[in-house]
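Structure first, then comments.
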Amino acid sequence: MPEVSNAILGTILASPCAIVIFGATGDLTSRKLLPAIYNLSKDGLLHPDTVVVGFARRPKTDDEFRQEMLKGVNSFSRSRPADNTPWNKLAERLFYHQSTFEDAHGYASLATRLADLDQKYGLSGRRLYYLSTSPAEFSTIVHQLGEAGLGNIDPFNSNAWRRVIVEKPFGHDLASAQELNQQINRVFDESQVYRIDHYLGKQTVQNLLAFRFANGIFEPIWNRRYVDHVQVTVAEDIGVEGRGGYFDTAGTLRDMLQNHLMQLLTLVAMEPPVSLDGDAIRDEKVRVLKSILPFTPEQVESLTVRGQYVRGDRNGQAIIGYLEERGVSPQSHTETYACVQLAIDNWRWYGVPFYLRSGKHLKYKGSEISIHFNRAPGVLFNTPQRGAGANVLTLRIQPRESIGLQINAKRPGTSTAVTPVQMNFQYHEAFGSYSPEAYERLLLDAILGDSTLFIRRDEVESAWNIIDQIEDSWAVGQPPLKFYAPGSWGPDEANQLMRKSGRYWEEFPQ
Ligand SMILES: NC(=O)c1ccc[n+]([C@@H]2O[C@H](COP(=O)([O-])OP(=O)(O)OC[C@H]3O[C@@H](n4cnc5c(N)ncnc54)[C@H](OP(=O)(O)O)[C@@H]3O)[C@@H](O)[C@H]2O)c1
């Protein structure tokens, strides 16, 4: 049970615990995790006795580790550079534990160290393990934690808990995700497992639920009678950025659609949950995933597009092609762009297409969801522009968090011509610039035992089930890989997919 659910503002609510980060010398720890822990600590949201233990292979003293983490906070924290007082307080409880993930002795000594810290800081056996490592290491670490008794909870200590946060990607396909789930569940009960998708930690994504279910005017029109189609775009304006080795084994469908875009889709399409309880929300999300119509190979051919960027330039700057990136096979057929048209076969969404697209080196960086409503009959006002006539509700997740509604307005003058205009709500204008980083929210929720914003086992498996159907055809070259220039919106086939039903991709930024 969560200690306090949805707690984000104000005073300390969390009990002290040990956060053990596996992979503590890696990029994610210094870029995201330590800055998040620092900010939570500085804002008084972590108990002052909370300790952090970094676990990794390189020899390092506690002091060296502290210096490295300070560098990370000074470079990446939303509040930087670090203030001396809160940083020093946190640094006193920051430790480094050197071991390989495979070495049982490293876990035995970790157990002793954690028991000492329990005593010293009154942690009562509360432990949050964060697997910030390559996915290939997840099962080794979990197995070793189990062998060292670090997954068990003392039945006589009702204050103790053990939780494990697992980074993405969670599996490579359905079979590997199931296997990983089985391995994790041998040591940790499902209620102890927190599969992270940092998109769910973003304020706008959480606001989707508030937007839908705290406003009376949208819910009655949030269905097939009023909605023509839905678009979800997660666009990057950069390439693989040194992650070519990993990315080449994954591709955009696995790396982005299986998790981030599917999560956004479920939040848009789900039924109202019976409560804001984690399982109530996740039950509804799973129902959406299970209602997605399976793809036949013919449908994969006609309803999906895969692309790869080639050499080009953007704003006068030369961009190397994907095949020239370090770690990428020169013969690679891995997609850096994916577009998929899905159908949700339930009463609410029957006949409403959902279009998902994501890619690297696209025209702009941005993530947004747009709900395109049916057009008004054109008998009175002529709306000649492309895409005009329909009201479009746009939920912008990044870079500027906002919500916009496109309406048609009469142009000034003597004619009756109408033109689309935007009504916009900007988060920072309404609420100021304070916005906790996604990892702050997610770490705090895991410490509080609130799993609402984490992915449940059946969710991850249902999402892989759909992705596998597409991957099966893509693996045999159907449809063929298309190529696109950096700085474009991807292959033209994605536009054709829309155009054949008289639809268009939403232009952005607006
Ligand atoms: N980086 C990001 O911004 C980002 C964003 C979203 C998700 N993720 C996910 O987060 C996870 C971590 O990513 P990352 O970029 O931080 O990885 P990384 O920079 O490659 O770090 C890997 C860490 O694992 C340790 N390690 C590797 N093999 C080990 C072994 N056999 N024994 C002990 N330690 C070992 C390394 O320790 P040594 O250096 O001491 O060898 C290092 O601390 C991945 O699952 C990734 O997909 C990362």
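FYI, it's all coordinate maths here, none of it is from the lab. Source: prediction; values computed, not measured. When we count neighbours, we look across all protein chains shown, and the Cβ atoms used for this are built from the backbone with ideal geometry, even at glycine.
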(message) If I take every Cα pair under 8 Å that is 6 or more residues apart in the stretch 200-498, average their sequence separation and divide by the length, what percent do I get for the relative contact order?
(response) 28
(message) Taking only complete DSSP H runs, can you tell me which helices of the chain stretch 24 Å or more along their own long axis by Cα positions and average at least -0.5 on the Kyte-Doolittle scale?
(response) 104-121
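For each of R282, R80, count neighbouring Cβ atoms within 10 Å of the residue's Cβ, then give the residues from fewest to most.
Ordered from fewest to most neighbouring Cβ atoms within 10 Å, R282, R80 come out as R80, R282.
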(message) Among H333, P377, L293, whose Cα projects farthest towards the positive end of the dipole of the chain, with charges put on the beta-carbon of Lys, Arg (+1) and Asp, Glu (-1)?
(response) P377
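Just check the stretch 325-434 against the gyration tensor rule for me: Cα atoms, a ≥ b ≥ c as the square roots of the eigenvalues, rounded for a/c under 1.5, and otherwise prolate or oblate depending on whether a/b exceeds b/c.
It is prolate, given that a/c is not under 1.5 and a/b is the larger ratio.
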(request) Starting from the Cα of D345, move 7 Å in the Cα-to-Cβ direction to define the label point; list residues of the stretch 277-311 whose amide nitrogen is under 20 Å from there. (result) 284-304
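If we count every other residue with Cβ under 14 angstrom of I369's Cβ, Lys/Arg +1 and Asp/Glu -1, where does the sum land? Show your work: numbers first, answer last.
Working: positive: K202, R212, R357, R396; negative: E368, E401, E506.
Spelling it out: positives minus negatives among the neighbours equals +1.
How would you classify the stretch 18-167 from its alpha-carbon gyration tensor, with a ≥ b ≥ c the square roots of the eigenvalues: rounded for a/c under 1.5, else prolate if a/b is greater than b/c, otherwise oblate?
Since a/c reaches 1.5 but b/c is at least a/b, the shape of the stretch 18-167 is classed as oblate.
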(message) If each residue of separation counts as 0.36 nm, what is the full-extension length gain between A175 and T100 once their alpha-carbon separation is subtracted?
(response) 24.3 nm
(message) Can you order the peptides 257-267, 82-92, 130-140 by their average number of other Cβ atoms within 10 Å per residue, highest first?
(response) 257-267, 130-140, 82-92
(request) Would you mind ranking E325, E64 by Cβ crowding within 10 Å, fewest neighbours first? (result) E64, E325
(request) Might you report the magnitude of the Cβ-based charge dipole of the chain about its Cα centre, with Lys and Arg at +1 and Asp and Glu at -1, to the nearest 20 debye? (result) 1440
(request) State to the nearest 20 debye the size of the charge dipole of the stretch 18-167 about its Cα centre, where the only charges are +1 on K and R beta carbons and -1 on D and E beta carbons. (result) 420
(message) What distance in nm lies between label points placed 7 Å from Cα along the C-beta direction at A417 and R113?
(response) 7.1
(message) If you take every DSSP beta bridge fully contained in the stretch 18-167, what fraction is antiparallel? Give it as a percent rounded to 5.
(response) 0
(request) Pull up all non-local amide H partners of Y309: gap of 5 or more, or a different chain, and H-to-H distance under 5 Å with H placed in the peptide plane. (result) Y322, T336, Y484
(request) Could you point to the residue in G449, P436, Q422 farthest towards the positive end of the stretch 422-498's charge dipole, with +1 and -1 charges on the Cβ of Lys/Arg and Asp/Glu respectively? (result) Q422
(message) Let me make sure I get this right: for the stretch 42-123, a, b and c are the square roots of the gyration tensor eigenvalues over alpha carbons, sorted descending. Under 1.5 in a/c it's rounded, otherwise prolate if a/b > b/c, else oblate. Which is it?
(response) oblate
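For the stretch 58-179, calculate the relative contact order in percent as a whole number, restricting contacts to Cα pairs under 8 Å that are 6 or more residues apart.
Working: 99 pairs, mean separation 27.4, N = 122.
Normalised by residue count, the contact order of the stretch 58-179 is 22 percent.
For the stretch 363-510, what is the charge dipole size about the Cα centre, in debye to the nearest 20, if Lys and Arg each add +1 at the Cβ and Asp and Glu each add -1 at the Cβ?
On the way: 15 positive and 17 negative charges, 213 e Å.
So the dipole magnitude of the stretch 363-510 works out to roughly 1020 debye.
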(message) Just to be sure I understand the curve: with the Debye formula and one point per C-alpha of the chain, what is log10 I(q)/I(0) at q = 0.06, 0.08, 0.09, 0.10 Å⁻¹?
(response) -0.30, -0.54, -0.68, -0.84
(request) Evaluate the distance, in nm, between pseudo-label points positioned 7 Å from the Cα of N424 and of R287 along their respective Cα→Cβ axes. (result) 3.6
(message) Through the Karplus equation 6.51 cos²θ - 1.76 cosθ + 1.60, θ set to phi - 60°, convert the phi angles of the stretch 26-33 into ³J(HN,Hα) values in whole Hz; use x for Gly and Pro.
(response) x, 5, 4, 5, 7, 7, 10, 6
(message) Between N315 and R186, what is the label-point separation in nm under the 7 Å Cα-to-beta-carbon projection?
(response) 5.0
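When only Cα pairs under 8 Å and 6 or more residues apart are kept, what is the percent relative contact order across the chain? Mind dumping the intermediate values first?
Working: 947 pairs, mean separation 92.3, N = 510.
Relative CO of the chain lands at 18 percent.
Find how much the distance from R326 to E64 grows on full extension, using 0.36 nm per residue of separation minus their present alpha carbon separation; answer in nm with one decimal. Working shown, then result.
Details: separation 262, 0.36 × 262 = 94.32 nm, distance 3.05 nm.
Residue separation times 0.36 nm, minus the Cα-Cα distance, leaves 91.3 nm.
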(message) Taking a virtual spin label 7 Å from the Cα of Y226 along the C-beta vector, which residues in the stretch 397-425 bring their backbone nitrogen under 16 Å of it?
(response) 404-408
